[in-house]
Every structure is written in structure tokens, then in C-alpha cells.
Amino acid sequence: MSAPAAADALLGPAQDTPQPAFGRRHLHAVAGCYFVASFAALGLPPYLTEILPELGDRTAHWAGVLYVVPTVFSALGAPLWGRLADRFGRKRLLLRAQLGLALSFLLAGWADSLAAFTAALALQGVLGGTFAASNGYLGAALEGPALSKALTLMQGSARAALVFAPIVVGSLAPWLSPHRQYALLAVLPLAAAAMLCALPEPGRPRPAPPRTPEQRVFEQASGVDHVQDGESAAPGRRPGPGAASGAPAPLAEAASGHELSASTAIAAGGPTASEAAARGGAPDVRLPTLYALEFVFVFSTVISFPYLIALIEDRIPGISPAASGVLFALPHLCYLVTAMAVHAAFRNRPRLGITLGFTCIALGLAGHGVAGSLPALIAVRLALGAGLTLGLVCLSILAADCAKGRAPGGMFGSLEFFSKAGAAAAGAAAAAGNSWSGPTAPVLTGTAAALVTVLAITAPALVTPALRTRWSR
């Protein structure tokens, strides 16, 4: 079922006044607004190593720290803005975020000292938060697969900005310094705010109507469980007990009495039959696990961002700024090309996708430490892009699963907190590593973090079957 169709099925008229249907055009409008607003926020920080010498930091010593200043303040404010969105309206808080970005970009572009520039970046974090606000807006209108596809599209907007913005900034650099481009690009969040004014305030998806006693008797006699509104069973297949809760395929099979072995469950990225029976229709991961995966994923990927341009210039002396921007954007271009195909392939086994994603991230970052030519850098950037795509898509699937029955603003605000905390930790680690042993240290730190996460995910799956075999003897 497509995202608009699922949204139309999930959404119904309010009790007193009809709510506008949330369709494809609304989803694309939200994603487009996030793209234009994040153009400067995501595209200019890679050029901090060129901006800071203009402000008195001749060696760009503070680049790694300033890279995450907006992130730190956004992390502090995201849970509060999320709760306020649940209380006062998601559209209103989304407009606030866009206008806050515009103001902070203007101040950053006009700053004439390192202190003023740092204050503008801090204000960007406090008043911004467009990603969490956009996800909260979508979470109020969509659920399940429709929401996970929408979150995947939102990540596509962010990746598109990371693809095109560094290239555009690098191309404009001979005529307008990246520092002054902050002021020029402030017009983009203003345009996004104007576009958002035309969107409706989303309503919560209505729950399925209660079943009558006659319906319950018929369903029990026929062996067919009730399917919630907006969901449908596959043609020629009766929905099992797991289908009503929107459980992934492994959960549904386990709940319907088909035993799922441990090895099959691990290969499918889902729980075993005993785990599924114990959890019923629970999400594929618990919310604290989702927060932990989000933190480590962001840490292991973002840590390579602040000093990547310096690393590229060190490995390939004389490379043009535009070519450096293309190399920076390559993993995000990989996401744009393959995200929806990855979503279809791992929709029912996101834990397997997460494991493969961290493995590719570890391989790609380790390759950055030894790549010394343009073809080698292209290859390791593509490997990192594969990990980035797998991780982002499967985290979106898990987040949509965890969002069921929760206030979307608060949940996505908390998720944004852990995302920004991971980015802040990555920036601090990148700055420390670069000061210690140059731009290679951050990518090696990210490699170690990704490898530890792979071991943490796979070790229980490998140890549990061995223990069961031992006890069975």
C-alpha cells in the first residue's frame, strides 16, 4: 500500500469537523520544505575549516567543536519542542523552527568574530530542530509502513541537501566565501515557512471501531483475526494474530502458530518464536534500544564529517573545492538512489539491515584511513554510502514501529535528542583525534565504534543458540 493510500485509510474525519486528507502532495511538501531549510544547515559546516581562518582561528582548531555547536543546543531543546508540538500544534512549531533557522543564518553570515559566529550557531540549535518538528508532524498523520516510508523520504531530503549543498557551496566559493553564504541562504528557510503555511494541521489517526460481540464470535469460529482499518492482508492469505498489531512478518508467523527457529529469525532480522510469543505485538526493538542504535549510528558516521575535506586535500593535493564537495556528497547520493529499494528489502527484517549497515560503515571508514588515490576514495565513500543507507532506512522502520500508540512529538523529540547527542560526541571526538594525530584519527574512531556495535548486535544471536544446544545435551 502506498504512503498516501495508507494515510487516507488511517486518517478519518474528526468527531466535530472534518480533517483534510493527508496525501502524497502534503508529504512531498513537508519533505521539500525540509530540503530547502537544511541546505545551509547541512551544506556549509563541511567548510568550517575555510570559514574559521577568516574569523581569527588560523588553523581551524575549533572546527570539530563548532561543527556540533548547533547539534548540542538542538539536542537540549528537541524534547521540549516536541512536547510543545503535541500540546500546541505540530504545524505551528514547524513554522517556528523554519523562522528560527532563517534568523540564525542571517546572524552567522553577518558575524565578524569567532564569538559572534559561535553564538549564531548556538541560536541555530535552539531555534531550529526542523527534522524533529517535521517527523512529529508526519507522525501525527501516519502510522506503520506509511510512516516508515515517510521517514525514509525525509532522510532522502537530508541526503539530497548533503549531496547538492557542498557542491553548490564549493562552486560559489570563488565569488562568495562560505562564511557569507550563510546570510545568502537564509532566504531558503523563509521560503519553506511560506510553503508550510498552506499545509493543514495533521490529525491523529483514528483507532479501529470496536468490534461487536457478533463479530468476535464469527472471527473466533472462522479463525480470522480482526484487521485494523488502513491495513490489509496479502491476497490469498488470511491475516494471523500478529497482523492486527502491525507486527513484522516473523512476529506474525510466530503468533499464528508457525514455529520460527532461532537461525531463521536471525536471518530474517526478527525475533524467535519464543520471543515473539512473549512480546505479542510489541515493536521489533524496545525504545531504549532504538535510542542507543540512533546514538551510535550518528556517532560513527558524523565523526568523519568535520575533517573530511582536510583529509581529502591531504591525500590528493591540489584537488578543487567542487571535487571535494562531490566526494563528501557521494554516500548521500548512494542513499538517494537506493533508499526505497532497501526499504522494500528490509521492511520486515530491520535488525538484519542495521547489522549489515554497521558492517559497511566499519569497512568504509577503515578504508578512509588507507585510501591514497581518487579511485580508492571513491570506493570507500561508496562503501560508507551502503552502510549509511542501510542504517538510516532500518532506523526509520524501527522508529515507525515504536511510534505506534505514542505522542509523536515527544517520541521524535527524544529520538532527536539522542541523534544530536551522538553528533555532539562525534564532533568532540573528531576534534580531539585530529589534534592528536591528524584527520585520519576520526575515521578510525568511527570504525571502532561501528565494529563494537556489530559485535553487540550479533553476539546474543550467536551465543543463545549455542547455549540452547549445550543445555539440550
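The values are calculated or read from the model by the stated rules, or taken from the named source; none is laboratory data. The structure displayed is predicted, hence computed values, not measured ones. FYI the Cβ positions are ideal-geometry reconstructions off the backbone, even for glycines, and counts take in every protein chain you see. Keep in mind that these areas ignore ligands, DNA and RNA; they rest on the heavy atoms of the full protein, side chains included. Shrake-Rupley method; radii C 1.70, N 1.55, O 1.52, S 1.80 Å.
Observations on the structure shown:
- Overall form of region 61-166 per C-alpha gyration tensor (a/c, 1.5; a/b vs b/c): prolate
- With the gyration tensor restricted to C-alpha atoms of region 342-394, the semi-axes of the equivalent ellipsoid amount to 25, 10, 5 Å, longest first.
- Size check on region 344-463: the Cα extents along the three principal axes, sorted descending, read 49, 32, 29 Å.
- Residue ranges 129-141, 307-319, 162-174, 409-421 sort as 129-141, 409-421, 162-174, 307-319 when ordered by packing (mean number of other C-beta atoms within 10 Å per residue, highest first).
- The accessible-area ordering, largest first, of the residues Cys360, Cys197 stands as Cys197, Cys360, per a 1.4 angstrom probe.
- Carbon/sulfur fraction of accessible area - region 84-145, other protein chains in place, 1.4 Å, %: 69
- Per-residue SASA entry for Leu123, accessible area with 1.4 Å probe, Å² rounded to 10: 50
- Counted over all Cα-Cα pairs of region 307-349, pairs farther apart than 15 Å make up 54 percent.
- Anisotropy class of region 380-429 from Cα gyration tensor, a/c 1.5 cut: oblate
- Both radii are taken from the alpha-carbon atoms of region 77-130; with Rh as the Kirkwood radius, Rg/Rh is 1.08.
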